[in-house]
Every structure is written in structure tokens, then in C-alpha cells.
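A short write-up of the structure that comes next.
Derivation of every value follows stated rules applied to the coordinates shown; laboratory data play no part. Owing to the predicted nature of the structure, the values given are computational and were not obtained by experimental measurement. Cβ placement follows ideal geometry from the backbone for every residue including glycine, while neighbour counts extend to all protein chains displayed.
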Amino acid sequence: MKNSKLVTRIVAWLDGRISGAESEALQQELRDSVEARTIFNRYSELDASIREVADTEGVGAFSQVSGSSVAIPKRATSYYVKSSLVIAALIIVAFTAVLYVQDVETGRSIARVTGVNGTLTWTGNGGKIVQGAGSTQTGTRWSNVLSEGAELSGGTIEGMAQDSWFELEFHDGSTGMISGYSILTFSDQGQKKLRLKQGRFSADVKPQPEGKPMLIHTPSAVLEVIGTEFGVEVKAESTTLYVREGKVQVRRVYDGRTVDVLANHRVVASADSDMSPQFVVPERTWAQTPVWRNIASSGDQDSIATQEARDYDGARNLVLSEELAILPAQDTDYIIRSGDFFEIRYEWMASMWWAAQDQVAIRLFTTDNDLISGTPTTFATLLSGPSTTTGTYQAGSGSVHVPATEARKRLFVAIDTQDGAGELHGVAHLDDFQLQVTHFPEPGSPRLDDFQLQEADFPDPPPAPTATIIIGGRVRNGDFNRK
Amino acid sequence: MKPIMTHPKFTRSKSIGSLLLPAIVTVVLSVAPVAFGQKGSADDWFVKSHKDKNEKLQTGIGGGEARDIIPSVPGTPKPQSERIKPPSPDYLLGKVKWGSGVGSGVDLTEDWNLAPNDTMEFHKQARAKDFKYMPTQTTLGEFSYDPATMPAILLSGVREVKFTPATIDRLRQYVLDGGMIVCDSVYGSPWFYESALKVFDEMFPESRFRVLPSDHPLYHISSVIEQATYRSGGEGEEGKPFLEGLYIGSRIGVLVSKYGLGCGLAEEMGVFETLEKKGLKPKAYSVESARQIGENLAPYIVGYGRVGEAEGKAENFGALDQNAPTSEFVFAQVKHDGSWNAHPGAARQLLSRLERDSAIPVSLKRVSVDLNRDDTSAYPFLFFTGLDDFVLTNKQIEALRKHVDQGGTLVINNALGLATFHQAAVREMRRAFPADEFRLLPHSHKIYRSLNTIERVKFTKSLEEDQGEKLQNRPVLFGVEIKGKLRVIYSPFDIEGGWNEVRYPLSRGYQPESAKQLGCNIIMFAMTN
């Protein structure tokens, strides 16, 4: 009974015909009940799916009429009955819309593919790419039919693996990209309308025609973009928006609350968030990252070094790339002693285009002139092993006894990659790097380090060697330190 | 009744006036308070003690009564040379009349004398320990400024310490000659405390105040003071005593107590309630801790007064360009941010011995070098000594590395053998020579035979008593070999103090003959290897 009232209110809200009192009651229920929020999300997804189909197939005005098209019988008393009705309505509307599109908009290009990787699936069609335009909702492996430069009409692209990515460019120069397990539907019938059902989408949007901002629907929010650079991540019950440049307006679906998100701010739209934009420092370059620097041959200190997203512990993480242009390293300021034993540990996560055989490679090295720019001699390469999980952080570690030849030299460390698939474009994230040394003194006369001045004595037996952290926590770890 | 209607314009002008007038007055009255970041004024602290006994004290002494000897610390045998010297002065710690109101006829209750019986009780304690001294008072005008007649003076008060330029010069010379100034911020007044630090910092630009480490002789010379209790304040001191000293050589030339001592010495603690009722936050030791410190202060003044007498003798340093290059051995001593000149005059004594015992041509003037600035390439021998904490700059570290890489020798000495310097030396040498380990030099090492054959050594009384059994009269030197050569030598126990032939109470080091033999051997080894 309670649920039936809730559903009635939700449908009324989705229809845009809810009264003020009912709206207030609905919002109160959503605030109070997890179950209510779950039901609400389910219904709003259904509603959005209907709109998406219509938008994708070129029925620009569909969203305006969807309310009547998805009308729920007011006297329906069962949640399940209502759900069934909604689904039925969805199918009918989708079918109708497809037929309509075939008549009106078949083949019109709205964007061009500028990059693809990994397994992707294309669903829905109004353009050139998928053969057999009459068939709808047919999954197609893009690797067979799509390549850079292909022209696209509206449709839905779905990333099927962690390393999948897809990049397109609209004809006005705006670009967008999904990565990982993401589902994006896009259309442009004079106004760009996108739906991000899940995953991550980032875009650089050119100024849009007046009164026709780019709209991005997610299950929990609607984003209105005039012209800006931003990234958005959608999860089951939340939408996280990060604006890098310009401004994006966000409307939370469940209560219609709207906020403007300015550059370098992030907001989370979910039923229980306060919707207040939080300032976040944007991704930092090597030049902005303490201690570490990019010693790749290009030495580009302006490339991305760390980022806040996809972090292990809520701070920042190192963006590690197989590209030859990126090689983070640092001068540890540690002088190697004969008898040193080095240990490293870190957390890392395979990301886009990271092949199963690719590995993180920690290189310990010295140089001919004790400067990081000198000619290096790598005395240890400590490999992570292949990634065992995708999209999840895993521990990496290694250790080495320093060769006597390296004693008295300055220690440098580089966080490198080792390619295993013949493609140098894998991306991984690394966090909480730690390098420690334990010195095992060579036999000989008693050491000053062990001398106890007040007792004028040496401990018997000598104290066991203890490890000293060279990099780790807040010690020389730059941005990706442990919190 | 008709309410008074006030015109807004009038109200405003009145408001401005009412704000400005007190503000101006406040500014005029609080120039000094602003300077010290304090609320209120120094006069707020001027509260007379309830126990103004008006004790009859000795009058101040003049400058013509020089008697040049100070007794030894009780319980230690006097050297023969001392027994024939004249008796000690009658006075140990003279209380200086200073500040406003002096000479007004009520001097016993003026700023300098807020704890009227502090020195009386101090001397009673001292006499109980066989120090036969009399309490006395003096003024900065009539004071002799001669450590031989008055080894130490006490400045006690709550208001700001100020001296005329002429007095500053005389006080400075008094301390350099071996005298000691004790400043007691009697109620813990920040006005007195901060002004005392400032005045003496400026008086001795070559030195600076340091917190006395827990193993400082002042905390051990009579009774061991590891803990302290406070009547007021002291929350941040973790139950430890807190005294600051300005080193002249290896002794404290100026001692400042942030926490009041005098009331505790005299057991006149009632005044603190009055201060607290006024909203002030006094700082003072408890009676027990004040008396413990007082009990140690007397023998420290006596013992290190003799050190001051020896170290206070004028020493001419050699000029850098005067000595380089020559064929003579030059004793180059490193200046650093710690108390680098720990034993003035000691090097000269050693060099005289070296000149006597070896064929090495020796320059008797030591040279001080600043590693941040000076070129040390002309000095193959660098001596580095200190009493407390120090930190080397990167440039100093580079200079030390360069020195030993080029075949020079660096000798580091822990003057007085205190833990603070030892820890700093180990830390900084690790920075300077991170890949190298200091190892104990075996007794078969040829450094012990380079000039004198050193099988056994004699340690100072303090070290011998503490650790003689373990040390077994064997010298303790650590060394670092660089490119197969012993280039850095560290002595954790004081070898330098012994060169001066003066007894440093509680010093942990070598007796003079052993110290000189070791010093000569080290130099010979450095010059021939």
C-alpha cells in the first residue's frame, strides 16, 4: 500500500503533473527511506530509457511528449503492475520511434570517430555504420566495423572492458570520450542530447547554440552544458561531475535541485548528497608535483602526473603510462651504503589499454655523475607481475640487496612500465609508493652508531638492523602519499 | 520624561572621539607592551612580597679588592698549586640593585628585590655545603666588574632590563673575564625574561642562548636534577627543568631563568596568589625545585669560575691569509652554529706541547674557518668541537667532503663529553659522510703510536667514576676511512679540555697529560698519513 502511493507519486513527478503537496511528500519519503530511493531510481531509469530511445532516433521533441506516452493508469494499485506497464509502454514507444526515425533521419552523420580501443558494442542505429538499418538493438562488435574517421549518426556505445575507450568528435568540434565499462547514447538534432547510463564520460564542448545547450541525462541528474571541459562519472545512485573549465548546470532528478558547477569544482548528485560544489585541485602536472619529475626523453614536465580520481586512498594517485613520453623518477637524496637492502611496496591498478602482460617496473638506479640527468645504471628492476584484477587496486612489492659497486652513489628511483603486448599505450594508476632501506653493516670494529655514550659501551649483541623509509607516507612521496 | 534624542551626526562624532581618546592614550602607554606582544604593562607585575624582612645585608663591594682565587668544589682534593694561593673571595653571588626606585630609601622592596631573601637563603644553602660565602648587594655603578672579587651577579626582577652603553661594555668584559650573570625572572614576568634575552643576545653577538641539555653539569654538579616541579606555569616543560644559557667557551656566561627562582629559594610563594588574582600568569619553580637549582648553582659558579679565569685570557687568532701557505702546521678550527669555541686557549697549549715534543714547525695561533665562506685547501687539519646541538649547512657539508676527499683530516671533539653534541655530531656526520661508517679505532691502530706510545690513558674524574671499569683506561676514538685512509676522527670524550690544564667540573674526557698525548698523536698522524 505504501509502495503503491510512492509509485503513484513518482509517476506523477515523472509526468510533470505532481502537486506541490504530493511533491513535498515524495521528497520526504525519499529522504527517509532507502527502499523509496531504490524504487525511484528504477522508475526514473525507465523513464530516461524511453527518452533516450526517442532522442537517439531523432525524435527531438519526444521528451516533451513522453509524459503522455508513458502515462501510468492512476488507479493501478500494484507496483509490479505499474512496472510492467511502464516497460510495455517503453517497448511500444521505442518501436514507434524507430519506425519514425527510419522515415525521417536515416543516415544523417552527426559525429566522427576519432579513437577506439578494446571491446565495444554499438546498440541502436540511425546512421551508416551498422548494416541492416531496419533491425534495432542489435549488438555489433565495433572492432569489426568501426575505425577512426568513421562517420556516425546517433546511437549507443558501450564499453565492454576496463581498457575499452571510444572517442568521437561532433561536427562543431566538440569532443567526447567514454572509458571502461560505460554506456553512452548520443544524438544531435540541432541540440546535443546524451545519456550516460553508467561509467565515465569526459568532454570538451564548444560553445553551443543559444537556447540549445548540450544535455546529458544520467539516472540521477541532468547536466546542461553551454561550452566547457568536464568529466562525469555515473554509478548506480549517483552522478559525479568535475568541471575543469567553464560552467555546467546540474539538476538532480529526485528533487529538481539545480546548482551551477564552476571550473575546478566537483559535485555529487545523489539522493543523499548536499549538492554543494567542492573545490578540487585539478590534475597536476609533473612541474606541479613535488619531488617527482618526468625524466622521459621528452622530459615534458607539463604532462599529467597525478590525479584525484580513481585514487586508492582518497588522496591522489600517479597516472602511469606505457608511453615513452612518461617516466616518473626522483632523486631520493639517499647515498647507497654497502650492505643496503632495499624494499619497495605500492598499490596499483590496471586501467585503460593495460594489457594482461603489461607490468609496473620499479627501477633503482645510479648515474655517472650523481645527478638525475646523468647516464643511468639500473641495478634493480622490480616487476609487479601481471594485473590480477581489473579496475581494482592490488599490492605490488619487491626487494633487492644492493651490489657493492653502487656503494657511495646517490640512489634514484623510477616508476616505469614493462610492455608485454607490444603496444605502448597502457595506463595504470599507482598509489602509496614506499621505498625503504635496511642497512646490514659489514663485519668489523664496533660502530659509532651502536655506541652508547652515557654507558661508554656497545650493546651486546648489537641491535638488529631496522628499516628506514626513504619514500613513503609523507616522506618524499609527492602528491600520491598515504593519507 | 522626554527621552533624549541624539542626532546621528553628533552620535557619530562622539563615538569617534570616545574611541580615539583612549586609543591614543593606550598607544602612548603601551609602546613597550606592543614590542613584546604582551597585554597590560610591566608595572602590573610589580607586586611586593609579603615577606619583606628587611634583612641586614652586606653592603656592596668596591673594585679594588681583587683576590684572584676561587675555591675548588667541595670534596675534591686541591692541587698543590692551589693550596699556596690566597683565600677565596668573600662573595659568590652579588645581588644587583637595578631598576626604578633604587636609592629612594625603600630599596629592599624595589624591582630588583621582590624576593628580598633569595640570596640570603641561597648563601645559607651554599654554606651548608661548605661554601663560606656571604650574601651581598651591589649596584651597577659601584660594582668592581672583577670576577676575582665577585664571581657572579644576580639580576632579579619583573620589569624590563635596560643598561647604558657604558654598562653594557663593562658587563660584557666582566663575563668574558670569567664572571657569570644570573637573571631570575622572579615572578615569571615576560617583560623581564624577554628583555633579558634580548639585552644579552645583543651584548654577545658571537654567542646565543641555548636551552641547557639534561646532562649539563649545572643539573648534576651537586645533586642530579632530572625533574622539576613548578608553582605556576611550566605546563609545557614536561616535568623537566628549563634554563637557558649563553656560553662563553664551555661555561655559562649568562644564565636566564624564565621561571622564577627567588621566591622558591626564599619560600615566599604567597605573592603568586596576588598575581593570579590580578589576572596575570606567573611562572615559577616550586620551592623544592628552586632550591635544587640553587644548590647546584653555587658549586657551578665556583667550579666554572676557575674555567672562566683560564679561558678568559686573551687569545689572538691567526688571520687566514697570514698563515697560508706556509710550511708550518696550522691548527684550523671550524666555526659552526653551535658553541664552536668551546675551550678558548686550549689549542695554544697543545701546540706548545707539540712544538716542544716534535720536529714539526708549528704556528701557535689557531685559525678559525667559516666553511660557508673560507677556502680550507691550505689547511690539511681541521678541528671541529662543540658543546651542544648544531646543524651544518649544505655548503659546510660540501666543504667538509671536499676537504677529506682532497686528503685533509677532520677531527671532531665532544667538548665536555655531553650527549647533546654527541647526538648532533653523529647526525651531521651521517649527513656529511652518508656512505661511510665510523668504526672504533683498535688499540693497535698506528694513531696511538704516531708520536707518543699510548697504551693507557687517564680519564677525568667524572668519567672515570662512571665508566672507568668499562673503559679500562683505553682511549676511545672513532674513525672513517676514505679511499683507504683515516680521514675523519671523532672523540666522544673531551680531549680538548685537558689541553688547557684546568679542571672542568663534570667534564667527561681525558686528564691533561693523556689529552695532550692524544692531541699530539692525532696531529702527527694527520700530518704524516
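Observations, loosely collected:
- In nm, spacing of pseudo-spin labels at residue A:280 and residue B:281 (7 Å Cα→C-beta vector): 4.3 nm
- Considering only beta bridges that DSSP places wholly inside the range B:320-528, some 30 percent are antiparallel.
- Over 26 Å between alpha carbons, listed pairs B:365/B:446; B:97/B:335; B:129/B:461; A:409/B:335; B:198/B:395: B:365/B:446; B:97/B:335; A:409/B:335; B:198/B:395
- Residues B:486, B:218 arranged by fewest to most Cβ contacts within 10 Å: B:486, B:218
- This model, with +1 at the C-beta of Lys and Arg and -1 at the C-beta of Asp and Glu, gives the range A:285-471 a dipole about its Cα centre of some 180 debye.
- Summarising the label geometry, the points placed 7 Å from Cα in the beta-carbon direction at residue A:210 and residue A:421 lie 4.8 nm from one another.
- Given R0 = 45 Å, the distance between the Cβ atoms of residue B:445 and residue B:202 translates into a calculated FRET efficiency of 0.45.
- Packing-based ranking of B:254-262, A:468-476 yields B:254-262, A:468-476, ordered from highest to lowest mean Cβ neighbour count within 10 Å.
- Each peptide in A:399-410, A:325-336 was scored by the mean count of other Cβ atoms within 10 Å over its residues; highest first, the order is A:325-336, A:399-410.
- Seen from residue B:454, the other residues with C-beta closer than 15 Å to its C-beta sum to a net charge of +4, counting Lys and Arg as +1 and Asp and Glu as -1.
- A simple packing score, the average count of other Cβ atoms within 10 Å per residue, orders the peptides B:274-281, B:130-137, B:293-300 as B:293-300, B:130-137, B:274-281, with the highest score first.
- Residue-count net charge about residue A:373 - beta-carbon cut-off 13 Å; Lys, Arg +1, Asp, Glu -1: -1
- Local electrostatic count, residue B:226, Cβ distance below 14 Å [Lys/Arg +1, Asp/Glu -1]: -3
- Pairwise label distance in nanometres, residue B:359 with residue B:373, each label 7 Å out on the Cα-Cβ vector: 4.0 nm
- Peptide A:447-460 has a mean of 6 when you count, residue by residue, the C-beta atoms of other protein chains within 10 Å of its C-beta.
- If you plug the beta carbon distance of residue A:313 and residue A:264 into 1/(1 + (r/R0)^6) with R0 = 22 Å, you get a FRET efficiency near 0.55.
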